[in-house]
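To keep things clear, I will list the structure first and then write my remarks on it.
The values are calculated or read from the model by the stated rules, or taken from the named source; none is laboratory data. Predicted model, so just to flag it, every value in this text is computed and none were measured. Heads up, the Cβs are rebuilt from the backbone with ideal geometry, glycines too, and the neighbour counts pull from every protein chain shown.
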């Protein structure tokens with residue numbers, strides 16, 4: 001009797017251990033899945049390029065209303081939850097079916113675009129001068145206080161550090177627990193609105209509002225800087241970095257620049273009007289960006305024009321490029337445009353207000369973007 005009871009208990013314990021270990025491995029795998037669009041401009045180099053095929057039609061799947069305009073660009077998690085900020089001061093989590101999951105109220109406008117950690121934590125800046133880390137359930141994990149408003153969209157490095165700028169003129173690096181690892185203050189004391197891009201060697205690139213691109217090494221030490229702006233108006237474009245270390249950025253003086261890894265100018269393209277749109281960088285080296293002259297450009301890596309497309313409004317939105325080379329970008333004429341590889345219009349969708357938010361491409365091809373009409377849109381087949 002004692003032997004049978006012991007064997008029965010041992011068997012139950014064994015089955016329980018198998019179930020626990022099995023489910024533990026499955027859960028860990030699910031948590032480590034890569035988000036389809038993790039951060040502003042998709043990835044560390046800020047290429048703005050998705051491995052997925054985007055929507056082929058302008059079919060509206062749904063739109064989600066908030067209290068004020070949306071200039072923040074969305075990010076999407078591994079579970080297809082869409083995260084974005086609004087001028088109403090909230091960070092929103094919305095399901096891929098367009099239903100509210102939760103909303104977190106910050107103390108200021110949220111024009112920063114969120115970034116998603118591999119553990120599901122969402123990081124976003126606010127004009128209340130804080131960087132927020134929000135758990136996947138919508139509760140606060142921690143905040144990091146700066147001395148200036150945060151327009152900059154955070155970038156999450158391979159080391160799980162969070163990099164972001166502030167209007168106090170400092171680029172910060174914190175760990176996933178909110179502890180500062182290092183900081184870099186530009187001596188011009190100019191606001192940092194751009195989102196930092198990280199090159200293949202770990203170097204960090206960002207643009208300050210007075211039109212200067214800075215390069216730091218992986219430890220936050222100064223490498224070089226180069227002026228690309230006129231120092232009259234503010235620059236908000238964020239740089240992209242090629243696999244060869246060439247840095248690309250636009251400026252408020254209307255010129256789009258290619259900068260060599262040593263900080264020297266490689267080439268430039270003059271659009272005649274401010275370039276606040278951040279570039280997308282295709283796998284073939286094509287650069288895509290918009291200008292205040294109302295045109296969308298595709299520039300070959302050798303500085304020749306591939307195509308350009310005219311809209312009816314100036315462009316602050318930054319392009320997203322799908323796996324087939326289709327470019328998706330918004331304009332202040334209220335349209336989201338889908339443009340093929342030859343520069344021809346595939347389709348457009350008319351929102352109810354300016355589109356300053358930059359679109360993203362979901363794993364199912366859905367295009368998500370915000371508008372000044374206080375709505376987040378989902379366009380898909």
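The table for this structure:
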quantity: Residue within the range 276-288 that is crowded, with 18+ Cβ neighbours inside 10 Å, assigned by TED's automatic domain parsing to the domain that holds residue 355 and more than 18 Å from residue 50 (Cβ to Cβ) present; calculated: yes
quantity: Failed condition for residue 223, given (1) in a strand (DSSP E or B); (2) surrounded by 16 or more Cβ atoms within 10 Å (Cβ to Cβ); calculated: (2)
quantity: Output for the range 351-372, where each listed residue is within 23 Å of residue 97 (Cβ to Cβ) and surrounded by fewer than 20 Cβ atoms within 10 Å (Cβ to Cβ); calculated: 352, 363, 364, 365
quantity: Which numbered condition residue 81 fails, given (1) out of contact with any strand residue (DSSP E or B) (no Cβ under 7 Å at 6 or more places or on another chain); (2) modelled with pLDDT of 95 or more; calculated: (1)
quantity: Residue that is farthest from residue 322 (Cα to Cα) [pool: residues in the range 295-306 that are in contact with a strand residue (DSSP E or B) (Cβ under 7 Å, 6 or more places away or on another chain) and buried (at least 18 other Cβ atoms within 10 Å of the Cβ)]; calculated: 295
quantity: The range 135-167, residues that are more than 22 Å from residue 119 (Cβ to Cβ) and either without any contact (Cβ under 8 Å) to a residue 24 or more places away in the chain or not assigned by TED's automatic domain parsing to the domain that holds residue 217 (or both); calculated: 145, 147
quantity: Selected residue (criterion: surrounded by the most Cβ atoms within 10 Å (Cβ to Cβ)) from residues of the range 318-338 that are in contact with a strand residue (DSSP E or B) (Cβ under 6 Å, 6 or more places away or on another chain) and within 15 Å of residue 373 (Cα to Cα); calculated: 330
quantity: Residue check for residue 273: in contact (Cβ under 8 Å) with a residue 24 or more places away in the chain, farther than 22 Å from residue 245 by Cβ and out of contact with any strand residue (DSSP E or B) (no Cβ under 7 Å at 6 or more places or on another chain); calculated: yes
